[in-house]
1. With unit charges on the beta carbon (Lys/Arg positive, Asp/Glu negative), name the residue among L392, W369, Y350 whose Cα is farthest towards the positive pole of the charge dipole of the stretch 312-395.
2. I'd like the trypsin sites (Lys or Arg not before Pro) in the stretch 187-232 restricted to DSSP loop residues with at most 15 other Cβ atoms within 10 Å, sorted by number.
3. Stick to Cα atoms and the Kirkwood definition of Rh, then tell me Rg/Rh for the stretch 1-60.
4. For the chain, the longest stretch holding no GluC sites (Glu not before Pro) located in a DSSP loop with at most 11 other Cβ atoms within 10 Å is which?
5. Which of the trypsin sites (Lys or Arg not before Pro) across the stretch 350-435 are loop residues per DSSP, with 16 or fewer other Cβ within 10 Å?
6. Give the Rg/Rh ratio for the chain, taking Rg as the radius of gyration of the Cα atoms and Rh as the Kirkwood radius, to two decimals.
7. Would you mind calculating the relative contact order of the stretch 480-624 from Cα pairs under 8 angstrom and at least 6 residues apart, reporting the percent as a whole number?
8. State the extension gain, in nm to one decimal, for the chain segment bounded by A113 and L489, taking 0.36 nm per residue of separation less the distance between their alpha-carbons.
Amino acid sequence: MTNDDMEVLKGKLDERNYSKLMALENPKLHRFVADFIRLCRPDSVFVGTDEPEDLAYVRRRAIERGEEGDLATEGHTYHFDGYHDQARDKDRTCYLVEPDQDLGERLNTVDKASGGKEVRDFLDGSMEGKEMYIRFFCLGPLDSEFSIPCAQLTDSAYVAHSEDILYRQGYETFRSIGDSEDFFRFIHTAGELENGVSKHVDKRRIYIDLDDSIVYSTNTQYGGNTIGLKKLSLRLAIRRAESEDWLAEHMLIMGVHGPAERVTYFTGAFPSACGKTSTAMAPGESIVGDDIAYLRKRDGTVYGANVENGIFGIIRDVNSKDDPIIWEALTTPGEVIFSNVLVTEEGIPYWLGKDGECPQKGINHSGEWYPGKTDEDGNEIPPSHKNARYTLRISSLSNADPRLEDPAGVPIGGFIYGGRDSDTWVPVEQCFDWAHGIITKGASLESETTAATLGEEGVRKFNLMAIMDFVAIPLGRYIEKNLRFAEGLGAPPLVFGVNYFLRGADGRYLNAILDKKVWLKWMELRVHGEADAIETPTGYIPLYDDLRRLFRDLLEKTYTEQDYVEQFSTRVPEHLAKIGRIENIYRSQVPDTPAVLFEVLEQQRRRLEAARAAHGDLISPLQY
Ligand code: SPV
Ligand code: MN
């Protein structure tokens, strides 16, 4: 640290905060803090440790500053993001690259020199009149091979508070790493505020420097753009994992409870707002994580750990019937932040799809709200935003898996890929082998867009392994990495595809929300070789009798042969069209696609064509 840095820190931090920072003997950290104090010019700086009083201070400041408000239930607060700041801004999220760096056309990039200058200009003086919060966290369980220390600077107490709920505290981790330079850094400013929200969303930028492991976020508040440890750290982790033979994935981890108290852990990759959290929260099973997983190999087995220890979940449609456990957490005392919901005068939050009647007035992300209110473009404003969210700790849920904090992670028996697909994939299917799964499920994932990102909804989009929005290396390399991950494993995890969104000819969904319980139990049995399957051109599907029994035992539902045939028939033209779309994307946009991807897709095409010649366009599972 230079004398100049020292002066900046001494000048801006009071004695208590200065000594907390200096107790971490890390010159790179001190330089980082001094650099951004100099640039952002906060009025004061708060340095947080892992102590409960420091967490309480951040939460209190969020309320005092009006970033959060108290709700009627103890521990519950609400927060609003700006009307035009309600989701991840994909267009303005870019990698800073040198002129000779090429990440491929599917990844957003911006020139490092000009982009770096642009975002530093936005940070310049951005914290005048404000307090800067410095928080330390650990991605992954503490003291484990998964752990990555992180330092976050922000002028938003809401962002710092959210991270306190979502991540493991890392001040002690920083104490233990000494002068290591190996940590992720995040700098965020909400920028100038108007009525408590970011005023200049046109200057919203999320710029990621992969070489330097630092992310800049400006003029935004929405969690997906600002909570550094969420998707911003995922990008840095993907880059790091590439060189170290592990995987950082947009995946849930859950324990599926099989016969005789057996618990089998699965990971699941789903695009945002496509049933990922509700799968991780399936009644009767246990949750390790709902969003981001690190996966490592040890003794021929894959182990997974949740990067987070909280949930930033979509609140829409959470109700007492379909999501009883989340419902319980959202309606009883405990620390929860509700963002972008409707709040009544009595301090009761309301969201789309909640039990009960919609209140006739309240405040929401648009200000005072009443039924029929429209925005400046004449669009009707719903009571709560479709991407409204809740933030809570997994430990506050009754189905938290006991191994959530296990430094060893949990052994993974199966990988699941799923998207919002109205017409092609069957509800559940096991792939022939690892490469077949990675290629025909993961690398072929498509999904209809949702409210989790800005832009039009319901458009079918390619979404590689549900991580397209966050991939940080050229796509071909990313696929190659996943394919190679199976090397050295005794038996790789089984790979499954699921589809909760299949529709019939009349457009209606063919499955109910909780049918996923049946698919999970079937996959669990398959991992242990305890259920038979039918081989189809696209993979192994369940037998009717097994599903009938599972539907009866788990859901007390009568599952008819007609249901089975409708849900599990192979839709040959749709599959062939999909293969064509996927090949086309890789051929035209991903020059480094591994050759095996085209081979595996071609084999699948041939199997489908042969089956069509024998049985026609729509093949009932009873015909195989
Ligand atoms: C998602 O959109 O996939 C999320 C929420 O999990 S966030 O990425 O934080 O916006
Ligand atoms: Mn996510």
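1. L392
2. Sites meeting the loop and neighbour criteria: K199.
3. 0.97
4. Segment 182-344 is the longest.
5. Loop-located and lightly packed - K361, K373.
6. 0.97
7. Here the relative contact order equals 23 percent.
8. Using 0.36 nm per residue and subtracting the Cα-Cα distance, I get 131.1 nm.
The values are calculated or read from the model by the stated rules, or taken from the named source; none is laboratory data. What you see is a predicted model; the values in this text were computed from it and never measured. Here the Cβ is made from the backbone with ideal geometry for all residues, glycine too, and neighbour counts use every protein chain on show. Side chains are part of the model used for accessible areas, which takes the heavy atoms of the whole protein and leaves out ligands, DNA and RNA. Shrake-Rupley method; radii C 1.70, N 1.55, O 1.52, S 1.80 Å.
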